[in-house]
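A.B. asks: After the structure tokens below, expect a handful of questions from me.
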Amino acid sequence: MTSNPFARPGRFFKGNLHTHSSLSDGELSPLEVCRRYREADYDFICLSDHFLPAYGFTVSDTRPYRTDTFTTILGAEVHVPATRLGEKWHLLANGLPLDFAPPRDGEGGPELARRCAEAGAFVTIVHPEWYSLGIDDAMAIDAAHAVEVYNHTSALRTSRGGGAALLDQLLAEGRRLNALATDDAHFLVDDAFGGWVMVKAERNEPELLVQALKAGHYYSTQGPLIEDIRIDGDDVVVDCSPAFGVYLLGRGSRADRSERRGQTTARLSAGRMGKGGFMRVVVVDDNGRSAWSNPLWRIE
């Protein structure tokens, strides 16, 4: 099994990777955004303002808002024309340098994603359900590290906050991609603190966090905690906060589930997933909130 953060050294740090401020289309100043997350007991955020000409192609400099216990990752939500539906691409790049160059003439989504990754960023295909991103477009992004499986603002404002179906299609095609949950807060409605990541790293430092994200050493959540995932023979054992159900999902319709209200340990059959391929865990609590593991790749 690969990409298992629970077997890694260090501790989990709570963070949001998709957030906006008044430097683009958000309501609050960067200082106020950072203050609110810090006071909500987040360990880090990325202020990912829109990297567009209307906002000066700015990578927001949040270094002044770091403290001994709270840090920031530099980054942006980047855009170029156009998907098959004529929409601007939406790509999240966590870990961009401040001097990242604006899009070049003729640069499309795949090229921009590749340039972000080459600059050191953790690249995510974001809110795909919101703007109806198709599988062909998503397959063209060969430099992405993850797909947003939950976007809180998209869920609240359009009822299109998902992305797990697209992730599973990409995984079934052999792409090695992880899952990501964010809130995409703009503070125009009550859209903050609805989805986040728990990143396993030895220290709460931007460079180490980005390295851990690229390696898949994290899980995503709306609230439920995943304490451990381990292989025991032909089973996957999940320790978690009290859950309504724990699910193991694989290629196509392959799935196993344990639905016992209040459970904190679930044993699921990896054998049902078939040889090779991927498995991923979803934990759902009594309030319908989910936590998502990254795919576990079976090496045969």
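Derivation of every value follows stated rules applied to the coordinates shown; laboratory data play no part. Because the structure is predicted, anything quoted here is derived from the model rather than measured. Virtual Cβ from ideal backbone geometry, glycine too; neighbours counted across all protein chains shown.
A.B. asks: Loop-only trypsin sites (Lys or Arg not before Pro) in the stretch 54-163, please: DSSP not H, G, I, E or B, and at most 16 other Cβ atoms within 10 Å.
C.D. replies: Here the sparse-neighbourhood loop sites are ARG66, ARG84, LYS88, ARG104, ARG160.
A.B. asks: Which value in deg cm²/dmol, rounded to the nearest 500, describes the helix-derived mean residue ellipticity at 222 nm for the chain, given -39,500 (n - 2.57) per DSSP H run of n ≥ 4 and division by the residue count?
C.D. replies: Value at 222 nm, helices only: -5000 deg cm²/dmol.
A.B. asks: To continue, here is another question. Pull up the DSSP beta bridges for the chain and report the antiparallel fraction as a percent, rounded to 5.
C.D. replies: For the chain, the DSSP antiparallel bridge percentage is about 75.
A.B. asks: Hey, another quick one. Pick out which of SER220, SER253, SER290 has the largest mean-square fluctuation in a Gaussian network model of the chain, springs linking Cα atoms closer than 10 Å.
C.D. replies: SER253
A.B. asks: Further question on the same structure: Rounded to whole Å and sorted largest first, list the principal axis extents of the Cα atoms in the chain.
C.D. replies: 54, 41, 34
A.B. asks: While we're on this one: What order, most packed first, do the peptides 235-248, 26-39 have when packing is the mean number of other Cβ atoms within 10 Å of each residue?
C.D. replies: Packing order, densest peptide first, comes out as 235-248, 26-39.
A.B. asks: For the stretch 1-137, compute Rg over Rh where Rg is the Cα radius of gyration and Rh is the Kirkwood radius from the inverse mean 1/r over Cα pairs.
C.D. replies: Result for the stretch 1-137 is an Rg/Rh of 0.99.
A.B. asks: Right, here's the next one. Check cross-link reach from LYS88 to the aspartates and glutamates: straight Cα distance under 13 Å, and skip same-chain residues fewer than eight apart.
C.D. replies: GLU77, GLU107, ASP137
A.B. asks: I'd like the distance separating the alpha-carbon centroids of the stretch 104-171 and the stretch 6-73, in whole Å.
C.D. replies: 20 Å
A.B. asks: Rounded, prolate or oblate: which fits the stretch 191-300 when a ≥ b ≥ c are the square roots of the eigenvalues of the alpha-carbon gyration tensor, with rounded for a/c under 1.5 and prolate only if a/b beats b/c?
C.D. replies: Taking the square roots of the gyration eigenvalues as a ≥ b ≥ c, the stretch 191-300 is oblate.
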